[in-house]
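The values are calculated or read from the model by the stated rules, or taken from the named source; none is laboratory data. The structure displayed is predicted, hence computed values, not measured ones. A quick note on method: Cβ atoms are made from the backbone with ideal geometry, for glycine too, and the neighbour counts reach across all protein chains shown. Note: areas computed on protein heavy atoms with side chains; ligands, DNA, RNA excluded. Shrake-Rupley method; radii C 1.70, N 1.55, O 1.52, S 1.80 Å.
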Amino acid sequence: MSNSKIYLSSPHMGGEERNFVDQAFETNWIAPLGPNVEGFEVDLENYLGSGSHVAALSSGTAALHLALILLGVERGDEVICQSMTFSASANPIVYQGAIPVFVDSEPKTWNICPNHLEIAIKDRIAKGKKPKAIIAVHLYGMPYNIDEVKKISEKYEIPIVEDSAEALGSTYKGKKCGTFGDISILSFNGNKIITTSGGGALVSRNLKHKEKAIFLATQARDSAPHYQHSEIGYNYRLSNISAGIGRGQMEVLDKHVGLRRKMNAFYHNIFRNKEGVKIFSEPNSDYYSNHWLSCILVDKSICGFSSEEIRLALATNNVESRPLWKPMHLQPVFKNAAYYGSTISAKLFEIGLCLPSGSNLKDEEKVKINDVLMHFIDI
Ligand SMILES: *Cc1c(COP(=O)(O)O)cnc(C)c1O
């Protein structure tokens, strides 16, 4: 048995990536433009469907930043954001000089709670400022409560930024995640379901959003033979090399979703009779998660051990696992931000754990994980 480290989620190449990258070398398109960039965008547009237009960017974080700019978020504005998420969902609010307002999760999807979302909107309006946008996240690939969140967005006429960084390949009522926001974003970081080594995308049904995103991502050059600028620009375009990796990865995306879901079934099987351990699962058949990461909730008062004890046992065996995202309203950097909700996300953080979920885990690695976890089943 190999003793090399088992990661939560590591890059998994399909084989064709090299060919696209080689083509870039052969044609000398070693730049943040070229045929792979446009090819990757077309691949994503075809995959997502629903009239999606895609701008390939240097990261998911850059895509979130541009999404807020396109929605007119400016200094002093308020933006609502799901509290339980990766910090990259919230940081771009601050890049814009705007103010984050955090909202708790609901227990069934772990994502933004529609009830507390509406309470937050009403209260911010009563206090004199209508929020400019709602950032909702599909954590670990699980779609947020799309219908309810959309209803609230329409009722108060506040656009949604759909953070689908973890949910490429997930669907809600048969429609792909990444198509539900007024603007949506994807990430192709090294740990995501597909990777370009680093990269992201902005998605919108509005072609103007795509065009403006590309304009801003390439230093906001006006059309003139010289360098002329009427707006502040950014260097956020995806490189043609990275996009080549992305084109290869698109060929294996569906296969990788299947393999991640198999990992989820693997954990269901291990914990199937263990009271006090719950695997994060779809609440009903409207939801279809890519199970980017498989996660468990561990109730020590029932099963006699904690998620931290499992984490340490795995670490001893050189297997990576990690607590769930620590909610933003509990982060030192956001300690002064407004927060609406109760203790749902705090409790999830306290008792939750992400388990190795890669689409490239070998049988012998699964045996090793199984052996460590079976020790807890017998407690
Ligand atoms: C990874 C991630 C991002 C940021 O994407 P990058 O490509 O790493 O900048 C944003 N939101 C969520 C929820 C993520 O998991």
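Tabulated data for the structure shown
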{"read-out": "Filter pass, SER89 being modelled with pLDDT of 95 or more, within 14 Å of the ligand (Cβ to nearest atom), open to solvent by 10 Å² or more (accessible area, probe 1.4 Å) and not acidic (Asp, Glu)", "value": "no"}
{"read-out": "Residue identified as out of contact with any Leu (no Cβ under 9 Å at 6 or more places or on another chain) and more than 20 Å from LEU202 (Cβ to Cβ) among GLU16, GLU38, GLU45", "value": "GLU16"}
{"read-out": "The stretch 179-201 - residue that is open to solvent by less than 10 Å² (accessible area, probe 1.4 Å) and among the hydroxyl-bearing types (Ser, Thr, Tyr) and, of those, farthest from the ligand (Cβ to nearest atom)", "value": "THR179"}
{"read-out": "Qualifying strands (runs of 3 or more DSSP E) (wholly inside the stretch 160-214; at least 2 residues being in contact with a Ser or Thr (Cβ under 9 Å, 6 or more places away or on another chain) and closer than 22 Å to ILE245 by Cβ)", "value": "183-187, 200-204"}
{"read-out": "Pair list, Cβ under 7 Å, 6 or more apart: the stretch 357-375 residue outside any loop (DSSP other than H, G, I, E, B), other residue at pLDDT below 95", "value": "GLU364/MET1; GLU364/SER2; LYS368/MET1"}
{"read-out": "Residue match in the stretch 161-173 (condition: more than 11 Å from the ligand (Cβ to nearest atom), under 13 Å from SER50 (Cβ atoms), within 14 Å of the chain's Cα centre (by Cα) and modelled with pLDDT of 95 or more)", "value": "yes"}
{"read-out": "Single residue of the stretch 148-159 satisfying the filter (of a type outside the set (Val, Ile, Thr) and part of a loop (DSSP other than H, G, I, E, B)) that is nearest to SER294 (Cα to Cα)", "value": "PRO159"}
{"read-out": "Some residue of the stretch 70-77 being of a type in the set (D, E, K, R), open to solvent by 10 Å² or more (accessible area, probe 1.4 Å) and out of contact with any Gly (no Cβ under 6 Å at 6 or more places or on another chain)", "value": "yes"}
{"read-out": "Residues (open to solvent by less than 70 Å² (accessible area, probe 1.4 Å) and in contact with a strand residue (DSSP E or B) (Cβ under 8 Å, 6 or more places away or on another chain)) located in the stretch 18-41", "value": "PRO32, VAL37, PHE40, GLU41"}
{"read-out": "Residue match in the stretch 94-105 (condition: over 18 Å from the mean Cα position of the chain (by Cα), touching a residue at least 40 places away in the same chain (Cβ under 8 Å), within 16 Å of the ligand (Cβ to nearest atom) and under 24 Å from PRO332 (Cα atoms))", "value": "yes"}
{"read-out": "Selection status of GLY72, small (Gly, Ala, Ser) and touching a residue at least 60 places away in the same chain (Cβ under 8 Å)", "value": "yes"}
{"read-out": "Some residue of the stretch 122-130 being under 25 Å from ILE69 (Cβ atoms) and either within 16 Å of the ligand (Cβ to nearest atom) or open to solvent by less than 10 Å² (accessible area, probe 1.4 Å) (or both)", "value": "no"}
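Yes/no matrix, rows are residues, columns are (1) open to solvent by 30 Å² or more (accessible area, probe 1.4 Å); (2) in contact with a strand residue (DSSP E or B) (Cβ under 7 Å, 6 or more places away or on another chain); (3) not assigned by TED's automatic domain parsing to the domain that holds GLN23:
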residue: TYR267; (1), (2), (3): no, yes, yes
residue: PRO283; (1), (2), (3): yes, no, yes
residue: ASN290; (1), (2), (3): no, no, yes
residue: ASP299; (1), (2), (3): yes, no, yes
residue: CYS303; (1), (2), (3): no, yes, yes
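For (1) in the same structural domain as ASP371 (by TED's automatic domain parsing); (2) surrounded by fewer than 20 Cβ atoms within 10 Å (Cβ to Cβ); (3) in contact with a Ser or Thr (Cβ under 7 Å, 6 or more places away or on another chain); (4) under 23 Å from LEU259 (Cβ atoms), each residue gets a yes or a no:
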position	(1), (2), (3), (4)
VAL319	yes, no, no, yes
LYS326	yes, yes, no, no
SER342	yes, yes, no, no
ALA346	yes, yes, no, no
GLY352	yes, no, yes, yes
